[in-house]
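Input: a single structure, listed below in structure tokens.
The values are calculated or read from the model by the stated rules, or taken from the named source; none is laboratory data. Please read all numbers here as calculations on a predicted model, not as lab measurements. For neighbour counting, all protein chains shown are included, and Cβ atoms are generated from backbone atoms with ideal geometry for every residue, glycine included. For the accessible areas, the whole protein counts, side chains as well, though only heavy atoms, and no ligand, DNA or RNA atoms are used. Shrake-Rupley method; radii C 1.70, N 1.55, O 1.52, S 1.80 Å.
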Amino acid sequence: MTTPAVDGLAERFDRDGFVVLDDVVSPEACIELARRADAIVAEQCGADGPMSVFTTDEQERHSDAQFLSSGDRIACFYEAEAFDADGTLVVPVDRAVNKIGHAMHDLDPVFVAFSRTPELARIARRLGLHNHVLWQSMFIFKHPLIGGEVAAHDDHTFLWTDPPSCVGFWFAIDDADVDNGALWVAPGAHRREPGRRFRRVSDDPADGTTFDEIGSPPDRDLQFVPLEVRRGGLAVLHGLLPHRSGPNRSERSRRAYTLHLIDPAADYPPDNWLQRTGLVATGFGDSR
Ligand code: FE2
């Protein structure tokens, strides 16, 4: 049973596949989260074993053990442009990190406090998300000048459930605009059939990952519009909504924090790339 929407938010989400809400989080909370992300980078990145490059180009996607084991821990992922042809880091580590993920919302006290608030629980209820649980978190740096683009995709491709249930909460930690790599979305395109699925090839992480092509790619014949979101604003994206972001060629950061939720009643296949083995997933209103 769905709760009647009193303000049309659920209707807009259903119609467009996204909503943007301003001033959901205070600027101070954004700054504190960014400071904690920087501290994690300083403490952990570069000393975390082999460096795993993040790219959404499926020809190059680097599905190493670091990536495939990151579902229930905090790991560092790097910009492709941070390395030269020999694989040597050519920028300082703190400028080379593309993102950290994927379980800060469960493991780090600052991230836990940011991710689990009565306000977020209220927004989820307004969207009709009564049972969804927090499955994955990412802090994305999109550094000035080096921050890479993210190719068009939908999140259901990567967090596949049957039926589709993935929803993304995207928080602007800095003002995000077209110059520093804002999100672009294809309004209404969440109504199309799933186009592809990213999964593990086998039980052995050494075999890596693959894409199953099922329908049209998410960039085919779609009109994308930019979502410019101010610091502290929130964009909520339906799991089937195609979206992308450009590179950051500006002098400004475009940091963002994302949470992806799924409905635990939906089937979550064992060959999805992200597996949580030791952590129970809970909702926005639940403490850790
Ligand atoms: Fe995404």
Seminar exercise, completed: Flagged pairs (Cβ under 6 angstrom, 6 or more apart or on separate chains; first in region 145-165, within 14 Å of Arg197 (Cα to Cα); second within 10 Å of the ligand (Cβ to nearest atom) and part of a helix (DSSP H, G or I)) are Pro164/His156
Exercise. Are any residues in region 177-190 out of contact with any His (no Cβ under 6 Å at 6 or more places or on another chain) and either within 14 Å of the ligand (Cβ to nearest atom) or within 28 Å of Ala265 (Cα to Cα) (or both), and if so, which ones?
Worked result: Gly181, Ala182, Trp184, Ala186, Pro187, Gly188, Ala189
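Yes/no per residue for (1) of a type in the set (S, T, N, Q); (2) within 16 Å of the ligand (Cβ to nearest atom):
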site	(1), (2)
Ser115	yes, no
Leu120	no, no
Ala124	no, no
Asn131	yes, no
Ser137	yes, yes
Lys142	no, yes
Glu149	no, yes
Phe158	no, yes
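To keep it simple, each residue is scored yes or no on (1) more than 22 Å from Ser26 (Cα to Cα); (2) part of a strand (DSSP E or B); (3) open to solvent by 20 Å² or more (accessible area, probe 1.4 Å); (4) modelled with pLDDT under 95.
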residue: Phe139; (1), (2), (3), (4): no, yes, no, no
residue: Gly147; (1), (2), (3), (4): yes, no, no, yes
residue: Ala151; (1), (2), (3), (4): yes, yes, yes, yes
residue: Trp160; (1), (2), (3), (4): yes, no, yes, no
residue: Pro164; (1), (2), (3), (4): yes, no, yes, no
residue: Gly168; (1), (2), (3), (4): no, yes, no, no
residue: Phe171; (1), (2), (3), (4): no, yes, no, no
Problem set entry | Which listed residue is touching a Cys at 6+ places or on another chain (Cβ under 6 Å) and under 26 Å from Phe171 (Cα atoms), from Arg197, Arg231 | Arg231
Problem set entry | Positions within region 250-288 being within 16 Å of the ligand (Cβ to nearest atom) and either open to solvent by 40 Å² or more (accessible area, probe 1.4 Å) or part of a loop (DSSP other than H, G, I, E, B) (or both), in sequence order | Arg254, Arg255, Trp273, Leu274
